[in-house]
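Novice: One structure coming up, written as structure tokens, with questions to follow.
The values are calculated or read from the model by the stated rules, or taken from the named source; none is laboratory data. For clarity, every value in this text was computed on a predicted model and none was experimentally measured. No Cβ is skipped: glycine too gets one built from the backbone with ideal geometry, and neighbour counts run over all protein chains shown.
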């Protein structure tokens, strides 16, 4: 990521939300949406913009499961690990995805395209198993359907 | 026989409830809600009227109303459906609450998993602004201004706890606060703040339109009105149901077409209680088995050990890590459960974990930590043999 | 006023008090761990839980305000079980090597284990040392294997110091205390103040010892080992030998140091008097420049004795570095004097002198090692011991401080005034400076009863005072009618507020004293543990007593100071004084 792009985006966000401490999270969320993760430079610049220490910003970011402080794949696939999806054969969906992508749960493909992660209940328990690809939700999955969906993300 | 109802998903004339509220004084609105005995639908069941009254009485130039849309309890999906299908009614409920307590700003704290709802929510807020139902001088009432902002969570279950939610709303780590002071006294940025669940807010307009007596005719003495249930697991018709409070588990099982092979019902999600056949005549309500709405059915083929382990893994990951009983307790509980898997657990292990459970539920800082042991206690007492024999044979049959 | 009962007995308490406050006032013991009187309530360790009638769960005593009619029980069966279980849980996840832990017998977790008579840990095997220690700080070590996540260091760093170098990272059972990206502390802004160390209940934070280096120097027959002790030591060292806080042990300490084998036992207070001369005249010089000569000197001038504050300024407000007095701290002036004036006087090669200091401070270790604090690679001060390290050394030498007779510091660098003693307390440098500057300008003593400039004393975070200068001497006529406005702050969080007000143009003062730690040096990060506001008050009382009993109470009246200017420096701020007693600062920035 170009430093200039980061600074411009950050500037826009701080302009939109304001510099007050309570606006830190939305800024982090939007930066993540824009750049995929919150790296050292990003945390550093956010800290500067809000007049906080890097540690304080990192402390907040690292609390939240959906904020990545390490680089992840372009597409983060989150499989619901709640019992309801488990009852509906989530395990086979996961196995199919692991074999399709050649990675294990928690890993990122070498080309940084896909990451596999767990998420908690996605609110589709009556239509599980479910997964999210970035912000998009998919329910009623079967192993082959899940693989087809992943293949559509290129 | 408990009645099946259709309140939450029934339409109302947009603005009609708000106009009814504005025709009353704020304290009369609160009086009406108090008389209805409406209790919070998120799980804890705190009386909504008392929350509103506390916030109204508490000094403060700025007050807030927050819609808790951080529906994270495993097995719950009712709030998402309400937000999708009855957006305007929830927003109208917020506006009524704002009028009652004297707030001019509100937030919808939406869990990050539901980010895809943001654009629809924002559009609806815009529509209501153009209808003069949100914004300045609402319904031409001079000086009643109310705006709603959408704030997103980022994947933290504990942020459903109202003080953790407020911390998150202030862009801090979602770690619950000490209570008192309660949010209605000192909430967002230290100002009086009411935090209400989506479903709770969706009932408010109906109470304004139909009255407290109408609401009270449903449910039980201490749990008035109806409740949405999110049903999943082993049954013929999973989905969302609305029943009056007090429905027995057996009645519910019949409605959702769970067969005679039902072994257990988890009521209230991972933080809730496991009911077995002996419990099926117990009522679901605050004076019986309480729930935020999650109902998960397990048939005879399911390993309750695996169910338990799934819950404890969930807690171990989702504990905010702040207080000792919850942080250390969750880890030790998971280790204890893994012992059974390795065939190293005994009755003593169960007893030790029960003592640990006691401390977790008595001494944890927030309701989250206090409710972690519910599933262990109920599953371990009702399906002890399955726990003790977890090391033997297949873990899962589907 | 609330009426309540505790274990059946009636009590009254004012609104805003917590259950813990009332119990502590009434002498009802409640175990605590995360709670600390210096810090905001967190309510997270839960060992202080009590039973409040009407509540299904137990409530934390520290986090629950009292209310009228409250009925509290503090010793029921379920309370005892819960507290014991919590201590067990803490111990299960705590790397335990008590006998070789720097906090052995001074560890709050150890005390809790003892209090609950634990003989076994259920649920978990003892924790191994699974995490690396962070020893990248120049002054302390963090061992997260022993951290109980009480957040006391986190709160001290944020609330008291305004630095926020450490915080809770991640969540759930992955939670650890650390810095951004879990990088070593050396890679973030840290001012080395040691308040984290002073507030840590366990061995998770401890200062870097240089005890062995000092013994080695003492044992080296070719080295002359001189020791200087800061004013705050004499009012606190006794605590490590079971004296009540606030007991002065100056004479016993001097005897102990001599017994241990130090060749000369000197007093940092000599250099504190020297600092007043240099800094006082520097201030008057800047005022003259501004008021008489039409110059634009950097005003307000700010004190430079406290190395945590210096580093704070270098990081957070580098644009105000020119406002800092260029004077070295007393510790460093002392080292420079020992290795120049004194070495010459004694006919010694400075290279053969080992200068050791005892400081209430961890930041002094960093200060002594700054490259600008020496000549040709020979540091002015070679080793810095904290008060705690000195206590350890005295014990290692088989000495019981209580058995020592009183004796006096060696001449000439042992002579000092009461003005130097009060350098230990917040406001003390200001008071000492005013006693001298006012008299220099007017020829009269400061217009305060018994020379006690009370407006700058006490533990308020920020203090302000003004002294009208009238009837001034002819050479200071430009100061006639001027009100000299001063400000005092301690704890760098307070300093941050002062600096922010200054930056926003909201301050109109001439001179600001900042001490890094709460209460000043007497509350320093290297002082005996545990720390509390009461102890700081007791130490301050001792300091002011020592001042009022001193023969000389104004720095310029120290005969040895007069002599060193006569024999060596010439006059304050002379060329030689600048060379040896003044320093420069480094712009460091924050990001």
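Novice: I'm trying to understand the selection: among the residues of region C:466-477, which are in a loop (DSSP other than H, G, I, E, B) and touching a strand residue (DSSP E or B) at 6+ places or on another chain (Cβ under 9 Å)? Spell out the reasoning first.
Specialist: The first filter runs over region C:466-477 and keeps only residues in a loop (DSSP other than H, G, I, E, B), leaving C:469-473.
Once the filter is applied, which keeps residues that are in a loop (DSSP other than H, G, I, E, B) and touching a strand residue (DSSP E or B) at 6+ places or on another chain (Cβ under 9 Å), region C:466-477 yields only C:469.
Novice: Quick one: which residue in C:96, C:119 is outside the structural domain of residue C:369 (by TED's automatic domain parsing) and more than 31 Å from the chain's Cα centre (by Cα)?
Specialist: Just one listed residue meets the conditions, C:119.
Novice: Can you give me the number of residues within region B:186-196 that are within 14 Å of another protein chain (Cβ to nearest Cβ) and within 21 Å of the chain's Cα centre (by Cα)?
Specialist: 3
Novice: Looking only at residues that are at pLDDT 95 or above and in a loop (DSSP other than H, G, I, E, B) in region C:373-403, which one is surrounded by the fewest Cβ atoms within 10 Å (Cβ to Cβ)?
Specialist: Of everything passing the filter in region C:373-403, C:398 is surrounded by the fewest Cβ atoms within 10 Å (Cβ to Cβ).
Novice: Restricting region B:249-258 to residues that are touching a strand residue (DSSP E or B) at 6+ places or on another chain (Cβ under 7 Å) and part of a loop (DSSP other than H, G, I, E, B), which is surrounded by the most Cβ atoms within 10 Å (Cβ to Cβ)?
Specialist: Filtering first and then ranking leaves B:258.
Novice: Only one residue in B:315, B:311, B:305 is within 11 Å of chain C (Cβ to nearest Cβ) and in contact with a helix residue (DSSP H, G or I) (Cβ under 6 Å, 6 or more places away or on another chain). Which one?
Specialist: None of the other options fit; the residue is B:315.
Novice: Scan region A:115-154 residue by residue and report those that are within 27 Å of residue B:160 (Cα to Cα), at pLDDT below 95 and exposed (fewer than 14 other Cβ atoms within 10 Å of the Cβ).
Specialist: Once the filter is applied, which keeps residues that are within 27 Å of residue B:160 (Cα to Cα), at pLDDT below 95 and exposed (fewer than 14 other Cβ atoms within 10 Å of the Cβ), region A:115-154 yields only A:136.
Novice: Output the number of the condition that residue C:368 fails; it satisfies all remaining conditions of (1) under 27 Å from residue C:199 (Cα atoms); (2) in a loop (DSSP other than H, G, I, E, B); (3) touching a helix residue (DSSP H, G or I) at 6+ places or on another chain (Cβ under 8 Å); (4) without any contact (Cβ under 8 Å) to a residue 60 or more places away in the chain.
Specialist: Result: residue C:368 fails condition (2) only.
Novice: One residue is enough: does region B:251-259 have a residue meeting the conditions at pLDDT 95 or above, within 14 Å of another protein chain (Cβ to nearest Cβ) and touching a helix residue (DSSP H, G or I) at 6+ places or on another chain (Cβ under 7 Å)?
Specialist: Checked region B:251-259: no residue is at pLDDT 95 or above, within 14 Å of another protein chain (Cβ to nearest Cβ) and touching a helix residue (DSSP H, G or I) at 6+ places or on another chain (Cβ under 7 Å).
Novice: Between A:122, A:132, A:105, which is within 11 Å of chain B (Cβ to nearest Cβ), within 17 Å of residue B:310 (Cβ to Cβ) and either in a helix (DSSP H, G or I) or touching a helix residue (DSSP H, G or I) at 6+ places or on another chain (Cβ under 8 Å) (or both)?
Specialist: Matching residue, one of A:122, A:132, A:105: A:122.
Novice: Could I ask something else about it? Of all residues being out of contact with any helix residue (DSSP H, G or I) (no Cβ under 6 Å at 6 or more places or on another chain) and in a helix (DSSP H, G or I) in region B:340-355, which is nearest to residue C:127 (Cα to Cα)? Just the residue, please.
Specialist: Restricting to residues being out of contact with any helix residue (DSSP H, G or I) (no Cβ under 6 Å at 6 or more places or on another chain) and in a helix (DSSP H, G or I), the top hit is B:352.
Novice: Quick one: how many residues across region C:454-464 are in contact (Cβ under 8 Å) with a residue 24 or more places away in the chain and on the phi < 0 side of the Ramachandran plot? Step through it out loud before you land on a result.
Specialist: Kept after step one, since they are in contact (Cβ under 8 Å) with a residue 24 or more places away in the chain, are these residues of region C:454-464: C:456-459, C:461-464.
Within this subset, residues satisfying the condition of being on the phi < 0 side of the Ramachandran plot are C:456-457, C:459, C:461-464.
Adding up the residues that qualify gives 7.
Novice: Based on what the data block shows, is residue B:126 at pLDDT 95 or above and over 30 Å from residue B:364 (Cα atoms)?
Specialist: yes
Novice: Looking at B:97, B:106, B:112, which is the one that is within 14 Å of chain A (Cβ to nearest Cβ) and either within 30 Å of residue B:297 (Cβ to Cβ) or buried (at least 22 other Cβ atoms within 10 Å of the Cβ) (or both)?
Specialist: On the way: B:97 fails: within 14 Å of chain A (Cβ to nearest Cβ); B:106 fails: within 14 Å of chain A (Cβ to nearest Cβ).
Exactly one residue qualifies, and that residue is B:112.
Novice: I've got another one for you. Just to be sure, is residue A:36 modelled with pLDDT under 95, more than 10 Å from chain B (Cβ to nearest Cβ) and on the phi > 0 side of the Ramachandran plot?
Specialist: Against the criterion (modelled with pLDDT under 95, more than 10 Å from chain B (Cβ to nearest Cβ) and on the phi > 0 side of the Ramachandran plot), residue A:36 qualifies.
Novice: While we're here: Just to verify a result, which residue in region C:1-30, among those that are more than 26 Å from residue C:519 (Cβ to Cβ) and part of a loop (DSSP other than H, G, I, E, B), is nearest to the other protein chains (Cβ to nearest Cβ)?
Specialist: Among residues in region C:1-30 that are more than 26 Å from residue C:519 (Cβ to Cβ) and part of a loop (DSSP other than H, G, I, E, B), the one nearest to the other protein chains (Cβ to nearest Cβ) is C:15.
Novice: Among A:115, A:59, which is the only one that is outside the structural domain of residue A:17 (by TED's automatic domain parsing) and not in a loop (DSSP other than H, G, I, E, B)?
Specialist: Answer to the check: A:115.
Novice: Can you say whether residue B:182 is in the same structural domain as residue B:43 (by TED's automatic domain parsing), crowded, with 20+ Cβ neighbours inside 10 Å and under 30 Å from residue B:23 (Cα atoms), as far as the supplied structure shows? Break it down into steps so the answer makes sense when it comes.
Specialist: Values: in the same structural domain as residue B:43 (by TED's automatic domain parsing): yes; crowded, with 20+ Cβ neighbours inside 10 Å: yes; under 30 Å from residue B:23 (Cα atoms): yes.
Answer is yes for this residue.
Novice: In addition: In region C:478-505, which residues are part of a helix (DSSP H, G or I) and without any contact (Cβ under 8 Å) to a residue 24 or more places away in the chain?
Specialist: Once the filter is applied, which keeps residues that are part of a helix (DSSP H, G or I) and without any contact (Cβ under 8 Å) to a residue 24 or more places away in the chain, region C:478-505 yields C:500, C:501.
Novice: Does region C:66-80 contain at least one residue that is surrounded by fewer than 22 Cβ atoms within 10 Å (Cβ to Cβ), at the interface with chain B (Cβ under 10 Å from one of its Cβ atoms) and in a loop (DSSP other than H, G, I, E, B)?
Specialist: There is at least one residue in region C:66-80 that is surrounded by fewer than 22 Cβ atoms within 10 Å (Cβ to Cβ), at the interface with chain B (Cβ under 10 Å from one of its Cβ atoms) and in a loop (DSSP other than H, G, I, E, B).
Novice: A further question on this structure: Which residue, of B:219, B:236, is over 30 Å from residue A:67 (Cα atoms) and crowded, with 23+ Cβ neighbours inside 10 Å?
Specialist: Every option except B:219 fails the conditions.
Novice: If we keep just the residues of region A:39-56 that are assigned to a loop (DSSP other than H, G, I, E, B) and more than 12 Å from chain B (Cβ to nearest Cβ), which is nearest to residue B:310 (Cα to Cα)? Write out each step before concluding.
Specialist: Our first condition is that a residue be assigned to a loop (DSSP other than H, G, I, E, B); within region A:39-56, this holds for A:39, A:51-53.
Next cut, more than 12 Å from chain B (Cβ to nearest Cβ) only: A:39, A:51, A:53.
Values: A:39: 32, A:51: 42, A:53: 37 Å.
That would be A:39.
Novice: Tally the residues that are within 13 Å of chain A (Cβ to nearest Cβ) and either at pLDDT below 95 or surrounded by fewer than 22 Cβ atoms within 10 Å (Cβ to Cβ) (or both), restricting the search to region B:30-71.
Specialist: Number of matching residues: 1.
Novice: If you don't mind, there's one more thing I want to ask. Going through region B:162-181 one residue at a time, which ones are more than 14 Å from chain A (Cβ to nearest Cβ) and in contact with a helix residue (DSSP H, G or I) (Cβ under 7 Å, 6 or more places away or on another chain)?
Specialist: B:177, B:179
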